Amino acid sequence: MCLGIPGEVIEIHADQPDLAKVNVSGVKRLINIGLLSDDPPKPGEWVLIHVGFALSKIDEAEAAAAMAFLEGIGQAYEDEIAALRESLIE
Amino acid sequence: MTADQVGHQADPGWIADALREHDHAQRPESPEGRTRLPVTDREQQVLDRIDRARRRRPRVREERVTMSHGAGGKATQTLIEAVFLETFRNPLLEPLEDAAELRILGGRLALTTDSYVVSPLFFPGGDIGDLAVNGTVNDLSVSGATPLYLTAGFILEEGFPVAQLTQVAESMRKAADAAGVCIVTGDTKVVQRGKADGCYINTAGVGVIARDVTVGVARAQPGDAIIVSGPIGDHGITIMLARGELDIEADVCSDTAPLNGLIAGLLGAVPGVRAMRDATRGGVATILNEIARAADVGVLVSEDDIPVRPEVRGACELLGIDPMYVACEGRIVAVVPGDSADAAVRALRDHPLGADAAVIGHVVADQPGIVRLRTAFGGTRIVDLLVGDPLPRIC
Amino acid sequence: MRFVDEFRDADKAHALAAKIAALCSPGREYKFMEVCGGHTHTIYKHGLEDYLPEAITLVHGPGCPVCVIPMGRIDDAMHLASRPDVIMTSFGDMMRVPGSNGSFFDAKAAGTDIRMVYSPLDSLKIARQNPDRHVVFMAIGFETTAPSTAMTMLRAHAEGLSNFSVFCNHVTIIPAIKAILDSPDLRLDGFIGPGHVSTVIGCRPYEFIARDYGKPVVVAGFEPLDILQSIYMLMLQLSQGRSEVENQYSRVVPWNGNLVALKAIAETMELRPYFEWRGLGFISHSALRVREKYAEMDAERLFSVPGVRVADPKACQCGEVLKGVLKPWECKVFGTACTPETPIGTCMVSPEGACAAYYNYGRMNRDRVPEAARAGRP
């Protein structure tokens, strides 16, 4: 029920601008983007889909920042493990 | 406690039993009085109690048949065991494999039956006729038999277009030719408008089991490898999208296909195959549970290793369904001795229908009866039998 | 799958597990509550507890909107559905919730016209196709889903559709969280904040938790790395003596929420003075009903419902599980009399219910990943 899935907007419906076709991993569906009327999504942008409605736009910059944090942690972890391994050799 | 307080479950006795068991287990026997057991031990007690409850004799608690009973999961299993197995009970029926093995005239025959109620009748990749022939051929083939002859019984709805019926028959003819089987007898009934959704098909199939082939899920042993012959979930998702109720488009089509050639290749390369199953209703997860239960072994599979097409994965994510429970119609799950895994995968991949065959996991000794999945993330979780019916009328 | 797979990377999980373990003070225990059924589901589905040290316990709160609906309301819904002129439409999760006389699923088997829909908009389609019948949509969900119901109602109104109404059971999250905080049974160290509810209400509504109760809150996404990162952020706050609201799910959740969505809700719905929550009792201003202005779309005004308050079955301990006081396996009937196939209470029926999640996914011996096993050791 909390089910929200990211999808890419492919096109806005010509006759009904509050409908958009989205692509989720090759699967396409029409959804209602009426809740984003303040700042409607454009083709190529990503949205969070919940029961046939777009609830929010996915902020690519924030997503990149989140990934950067995780990468950083991952790298620090790798470094630590490498250091640990090296220190065992002595 | 009265039946009213418990709700619709008419029989309160089993709840009272469960409560009694719980209270009994709660009192740890200790001379000093009440001792606090460590959390994990208490949890383990509960898990043991659940395990005992699951192994109890099956009973159908509902008064009426529901769609769950047709989903291929827990309810179907309970219905079959509690009603049909109980009533018909005989040693030939008990294995409850995809086909029955009959000893006749010094040889062994495999006999199977299936009914097809798929809606819609025509879908990307095939139609009800294809399913009917391929499904029957496959049930025989996974039993180690060379499929030979099929029957075809039709229940037609008044008003069903003859042109569509002809199309279905032609599909069946082509499928039979491709599989090398012959449809030798049949039956036709017509029921009033509104009572058959166009067309239902029932089939029976018979084949001959070679002298040296013995397969069955109860033969699985710790150390065995579990192999799937290709990407899962194609058929179920195709049907769901073809119903048009969900406004979803995707480039998927049913994987319906006759697998006798593929299986012959596998048996040729790996004569020691322990078991094979046709992954239809209930999906791969149901078969893994059948293996765990029949052989009383644990099953451990790895999410990363299970082949799923991106579109099937996308549709499943969108709808909140697990692809492991989605039906296939042209895939087998095979259990082979661990050291034959490579040879088995090679043999399957040699055949066009097995191009994406992969080892998805192993039979293990710990936690018998339970199927576990190592998630792509690295954690572990249980893959239980399907409850309910996410995708009705799939095949 | 983009924005999904990256957040399911096992290597980064190990790194986070190590960092979380490093923040554990030896001898101290930590309890975090997640108030969102989707989080419960993810935690079990991906085996996240394997990444957490024994010192950290995750408690599942009343964040499953299906789980908190009392039996009396289910009975009311069944009453509506059983009218011959009504087609009831419902999300899949509601289909198997038991009322006093069975579930939607059972009623469907007995011939009642109940149809599963993916979106409330699908109900409008059914209404247009069946002008001689009346379509009632069983509206459930927190603030995540209320905007979709609201938009559907506005659309029906704009189209002049006269054979559609809503049986409104939307609930709001903040009163539930407050009830938990005020409950003497529970000592929590922090909250994993709801993800998708927050896309609508934003992060500000949680500030009272940090400010008045001194508990850190991290609004979390639904992928496994999101949850692990959120737990890390909670542990960091605790180790630094902070209690703030932080937004881990910033790629989706705007701090100020979605104004259009909030306006749609305000236009079509209003707060009920009080509403009964399964297990939590009556909570004031915690649920929504259809406004007078849209009375022609309010199923409760159009049709009469029994409105009887039905006590939970004696055996059912859903209330305590929902409050996080009991773990699923501590419930007396868990797994024996109450299973996904034969559910007694809602925690077992809903795929997001703690009991269902634990039974379906979590029930087994636990092996912790090495990083988590090292927690608290110098």
In region C:174-200, the residues that are of a type in the set (A, V, I, L, M), assigned to a helix (DSSP H, G or I) and either out of contact with any Leu (no Cβ under 6 Å at 6 or more places or on another chain) or surrounded by 21 or more Cβ atoms within 10 Å (Cβ to Cβ) (or both): C:I174, C:A176, C:I177, C:I180, C:L181, C:V197, C:V200
The lone condition C:Q129 fails out of (1) in contact with a helix residue (DSSP H, G or I) (Cβ under 8 Å, 6 or more places away or on another chain); (2) surrounded by fewer than 19 Cβ atoms within 10 Å (Cβ to Cβ); (3) more than 30 Å from C:V252 (Cα to Cα) is (1)
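Please go through region B:218-264 and pick out each residue that is farther than 19 Å from B:G330 by Cα and among the hydrophobic types (A, V, I, L, M, F, W, C). Walk me through it before giving the result.
We begin by selecting, within region B:218-264, every residue farther than 19 Å from B:G330 by Cα; these are B:218-225, B:243-250.
Listed by number, the residues that qualify are B:A218, B:A220, B:A225, B:L246, B:I248, B:A250.
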Given C:V86, C:V68, which one is at pLDDT 90 or above and touching a Leu at 6+ places or on another chain (Cβ under 9 Å)? C:V86
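Any residue at all in region B:202-224 that's within 30 Å of A:R29 (Cβ to Cβ) and either in a helix (DSSP H, G or I) or touching a residue at least 40 places away in the same chain (Cβ under 8 Å) (or both)? Talk me through it step by step, then tell me what you get.
As a first pass, look at region B:202-224 and keep what is within 30 Å of A:R29 (Cβ to Cβ): none.
Scanning region B:202-224, I find no residue that is within 30 Å of A:R29 (Cβ to Cβ) and either in a helix (DSSP H, G or I) or touching a residue at least 40 places away in the same chain (Cβ under 8 Å) (or both), so the answer is no.
List the strands (runs of 3 or more DSSP E) inside region B:91-162, counting only whole elements, that have at least 3 residues being free of Cβ contacts under 8 Å to residues at least 24 places away in the same chain and either buried (at least 20 other Cβ atoms within 10 Å of the Cβ) or of a type outside the set (S, T, Y) (or both).
Values: elements: B:100-104, B:107-116, B:145-157.
Hits in region B:91-162: B:100-104.
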Please give the number of the condition A:P43 fails out of (1) surrounded by fewer than 21 Cβ atoms within 10 Å (Cβ to Cβ); (2) within 13 Å of chain B (Cβ to nearest Cβ). (2)
Do we have any residue at all in region C:293-314 that's surrounded by fewer than 18 Cβ atoms within 10 Å (Cβ to Cβ) and within 30 Å of C:E29 (Cβ to Cβ)? no
Restricting to region C:16-40, give me the number of residues that are more than 8 Å from every other protein chain (Cβ to nearest Cβ), surrounded by fewer than 24 Cβ atoms within 10 Å (Cβ to Cβ) and either in contact with a Lys or Arg (Cβ under 8 Å, 6 or more places away or on another chain) or assigned to a helix (DSSP H, G or I) (or both). 3
All positions within region C:335-349 that are more than 7 Å from chain B (Cβ to nearest Cβ) and either surrounded by fewer than 24 Cβ atoms within 10 Å (Cβ to Cβ) or out of contact with any strand residue (DSSP E or B) (no Cβ under 8 Å at 6 or more places or on another chain) (or both): C:C338, C:T339, C:P343, C:T346, C:C347, C:V349
If we keep just the residues of region B:232-241 that are among the aliphatic types (A, V, I, L, M) and either farther than 26 Å from A:L19 by Cβ or within 9 Å of chain A (Cβ to nearest Cβ) (or both), which is surrounded by the fewest Cβ atoms within 10 Å (Cβ to Cβ)? B:L241
For A:K21, state whether it is more than 9 Å from chain C (Cβ to nearest Cβ), surrounded by 16 or more Cβ atoms within 10 Å (Cβ to Cβ), over 30 Å from C:V349 (Cβ atoms) and modelled with pLDDT of 90 or more. yes
Would you mind telling me which numbered condition in (1) within 27 Å of C:E292 (Cα to Cα); (2) touching an Asp or Glu at 6+ places or on another chain (Cβ under 9 Å); (3) not small (G, A, S) C:P194 fails? (1)
Given the conditions (1) within 12 Å of C:P224 (Cβ to Cβ); (2) touching a Gly at 6+ places or on another chain (Cβ under 6 Å); (3) crowded, with 24+ Cβ neighbours inside 10 Å, which single one is not true for C:D50? (3)
So which residues in region C:76-106 are more than 10 Å from chain B (Cβ to nearest Cβ) and part of a helix (DSSP H, G or I)? C:D76, C:A77, C:M78, C:H79, C:L80, C:A81, C:M94, C:F104
Tell me whether region B:306-319 contains one or more residues that are β-branched (V, I, T) and at pLDDT 95 or above. yes
Members of region A:46-72 that are at the interface with chain C (Cβ under 8 Å from one of its Cβ atoms) and of a type in the set (G, A, S): A:G52, A:S56, A:A63, A:A65, A:A66
Looking at (1) out of contact with any Asp or Glu (no Cβ under 8 Å at 6 or more places or on another chain); (2) more than 14 Å from chain B (Cβ to nearest Cβ); (3) of a type in the set (A, V, I, L, M), can you tell me which one C:L52 breaks? (2)
Do you know which residues across region B:52-63 are within 7 Å of chain C (Cβ to nearest Cβ) and either loosely packed, with under 12 Cβ neighbours inside 10 Å or in a helix (DSSP H, G or I) (or both)? B:A53
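The rows are residues; the columns are (1) crowded, with 24+ Cβ neighbours inside 10 Å; (2) touching a residue at least 60 places away in the same chain (Cβ under 8 Å).
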site	(1), (2)
C:L228	yes, yes
C:I231	yes, yes
C:L238	no, yes
C:Y249	yes, no
C:V252	yes, no
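Do the conditions hold for A:S37, that is, is it within 12 Å of chain C (Cβ to nearest Cβ), under 15 Å from C:V260 (Cβ atoms) and touching an Asp or Glu at 6+ places or on another chain (Cβ under 9 Å)? Write out each step before concluding.
On the way: within 12 Å of chain C (Cβ to nearest Cβ): yes; under 15 Å from C:V260 (Cβ atoms): yes; touching an Asp or Glu at 6+ places or on another chain (Cβ under 9 Å): yes.
The answer is yes for A:S37.
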Considering only strands (runs of 3 or more DSSP E) fully contained in region A:1-43, which possess at least 3 residues that are at positive phi? none
Where C:A13 falls short, out of the listed (1) within 14 Å of chain B (Cβ to nearest Cβ); (2) of a type in the set (A, V, I, L, M); (3) in contact with a Ser or Thr (Cβ under 9 Å, 6 or more places away or on another chain): (3)
With (1) within 14 Å of C:I344 (Cα to Cα); (2) among the hydrophobic types (A, V, I, L, M, F, W, C); (3) touching a Phe, Trp or Tyr at 6+ places or on another chain (Cβ under 6 Å) as the list, and C:I69 as the residue in question, which single condition is left unmet? (3)
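The values are calculated or read from the model by the stated rules, or taken from the named source; none is laboratory data. Here the structure is a predicted model, which is why all the values come from computation and not from measurement. FYI the Cβ positions are ideal-geometry reconstructions off the backbone, even for glycines, and counts take in every protein chain you see.
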